[in-house]
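A short write-up of the structure that comes next.
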Amino acid sequence: MLSPDQKDTVSLAKTHLLPAFSSTWQFKSDQQFRFAVSQTINRPDFKELSEAPYIDPETRDLIRGNKSLQSSTINHGDLRWEWYLTRFETFSVAGFYKLIDSPIERVIRLGGGGVQTFSNAESAEIYGIEAQGRLWVSRFLGRKFSRFYIESNVSLIKSSVDLGKVGSQQTTNNRPLQGQSPWLVNFTLAYENLTARINASLLLNISGERLASVGTNPIPDSYEQSAAKVDFVYRQQVYEGAQDKLNFKFKLNNILNPEHLVLQGSEVAKRYKKGVSATASLEYKWK
């Protein structure tokens with residue numbers, strides 16, 4: 001642990017060439033295919049690099065960084081079919097693949113008494129399929145619901161990790177990438193009134209069980225269980241002049257306030273609630 005007069009210096013200075021290519025084939029007036037490949041970089045942030053301990057404000061875990069962390073290189077590829085039913089309504093299905101070199105994972109520190117840190121694995125693969133769409137509710141329930149629309153995306157995801165040199169230290173050799181859920185669902189029910197300049201949305205987010213922190217021998221891996229998050233967002237433009245306008249926004253976060261459960265093996269490692277919060281704001285813009 002660092003004393004107040006000690007300095008911790010880390011350098012990640014490096015130049016990266018990140019190629020990208022995309023192509024679109026519009027084979028019908030309302031349908032098209034998109035293909036894209038690219039390379040990106042995921043650099044560790046300051047907290048992940050610093051060995052000064054800190055407490056995660058959400059999970060209350062004690063964490064120390066790892067100044068030996070390296071940046072991750074991510075190779076992306078995806079193929080997407082898009083269908084434009086109207087100028088507003090869309091539907092698409094995509095297959096995607098990611099190959100990650102030196103992925104950064106959150107792990108339980110070896111001999112650290114439960115303190116968590118970060119480590120680079122050798123590589124990781126992520127692939128899956130995603131469907132998303134946006135439709136007016138009036139398409140199903142008639143004109144009286146003409147101001148309502150739904151928007152959703154659903155993903156099925158498979159991930160795996162090659163641990164490389166760190167494999168002998170970790171409890172499980174055959175496992176998914178830390179933090180990656182095998183499925184996720186986002187759903188929005190929205191109301192839009194262009195005359196009154198009002199937009200209101202009810203948003204649902206839920207994902208499958210995911211690896212929260214990687215276990216180090218003999219400590220088991222920790223898995224965060226599925227929990228639904230529901231938010232409500234209201235926006236209204238309350239004034240618009242010739243050169244300025246005033247917008248009001250209200251947000252209610254985590255309405256259901258579900259219990260978050262983390263299991264370590266068969267034991268309950270953590271049980272907590274994040275609480276419900278509300279925010280309101282006025283935004284004034286001068287054109």
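The values are calculated or read from the model by the stated rules, or taken from the named source; none is laboratory data. Predicted model only: the values in this text are computed from it and were never measured. Please note: Cβ atoms are built from the backbone with ideal geometry, for glycine as well, and neighbour counts cover all protein chains shown.
Is it fair to say F118 is in a loop (DSSP other than H, G, I, E, B) and either crowded, with 16+ Cβ neighbours inside 10 Å or out of contact with any Asp or Glu (no Cβ under 7 Å at 6 or more places or on another chain) (or both)? Before the answer, list the steps.
Working: in a loop (DSSP other than H, G, I, E, B): no; either crowded, with 16+ Cβ neighbours inside 10 Å or out of contact with any Asp or Glu (no Cβ under 7 Å at 6 or more places or on another chain) (or both): yes.
Judged against the criteria, F118 is not a match.
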Seminar exercise, completed: Just one listed residue, out of N205, N199, is of a type outside the set (A, V, I, L, M, F, W, C), modelled with pLDDT of 95 or more, assigned to a strand (DSSP E or B) and closer than 20 Å to T59 by Cβ, and it is N205
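Do we have P57 as without any contact (Cβ under 8 Å) to a residue 12 or more places away in the chain, more than 29 Å from A190 (Cα to Cα) and not aromatic (F, W, Y) here?
yes
Does G95 meet the test of being closer than 23 Å to R175 by Cα and assigned to a strand (DSSP E or B)? Lay out the reasoning, then the answer.
Values: closer than 23 Å to R175 by Cα: yes; assigned to a strand (DSSP E or B): yes.
Criteria met by G95.
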For this session: Restricting attention to region 132-160, report how many residues are at pLDDT below 95, among the hydrophobic types (A, V, I, L, M, F, W, C) and touching a Ser or Thr at 6+ places or on another chain (Cβ under 9 Å).
Result: 1
